[in-house]
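The values are calculated or read from the model by the stated rules, or taken from the named source; none is laboratory data. Just so it is clear, the model here is predicted, and its values are computed rather than measured. Note that we place each Cβ from the backbone using ideal geometry, even for glycine, and neighbour counts take in every protein chain shown. Only protein heavy atoms, including side chains, enter the accessible area calculation; ligands, DNA and RNA are left aside. Shrake-Rupley method; radii C 1.70, N 1.55, O 1.52, S 1.80 Å.
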Amino acid sequence: MRLTAGEHPGDRWAIAGGWCALVATLITGCSDTECHAPASKDASMLMQESHQDVLDTFAAITSVVEDDGWAEGTESEWNGCSSEGGAGAQFMLTAIRNQPLSGTPDDVTKRVAETLESKLGMKGIRVQHDETLSPRRTVIGYPNGYNGGTAADGYGLQFQTDPGFVGAIIYGHCVPGSPPKLGSPLNPRPTDPQQERASTHVRASDRMHR
């Protein structure tokens, strides 16, 4: 399911409303230290840091859109990728929220873009519109604009809103190593889906608002 550099995710958005309702694992906010720009990566980036970048990005979004209403439409997973010609791992998170917005789609999306810049240093995000969808959706894409593809190392964000819908796809940096095994600290195996959904979103809210 990895979006490679330059790939256009429009087909995935066409079925966004029908995404399976799976559990998001370990959705936390920024680490206790200062957040850093998730689009920046150096050769020493660790798998845990790449994983945290995705969680920080999602937490920034939920700090604007609100925490509630995401659990039934959120899933996360690890995939294999190619990191500088070798084996790599990439964390991915998709999320939808089918509830009324607290403002207009343009206003909410603009505030999301501003929050991503102020909290995570993601500069140059343009608010755009997708007229091919009904109702029309206000959208942003990073780092190459909406449907502009990911960075060379696979990092990217697609975000959409209409009056009763929010959707996000976040692709982490591809970093050296194999995807963590299910049940490991970076890829936990939830034992109680209802409890896990509730606790992970509380952690995201608490940590982003510190």
(request) Rank by packing, highest mean first: peptides 50-61, 115-126, with packing defined as the count of other Cβ atoms within 10 Å averaged across residues. (result) 50-61, 115-126
(request) Send over a whole-number figure in Å² for the accessible area per residue of segment 57-109, probe 1.4 Å. (result) 34 Å²
(request) Please give, to one decimal in nm, the separation of the simple spin-label points placed at GLU114 and GLU66, each 7 Å out from Cα toward the Cβ. (result) 1.9 nm
(message) If R₀ is 25 angstrom, what is the calculated FRET efficiency for the pair ARG189 and ALA152, using the beta carbon separation as r and rounding to 0.05?
(response) 0.20
(message) If you take every residue apart from ILE125 with its C-beta less than 9 Å away from the C-beta of ILE125, what net charge results, scoring Lys and Arg +1 and Asp and Glu -1?
(response) 0
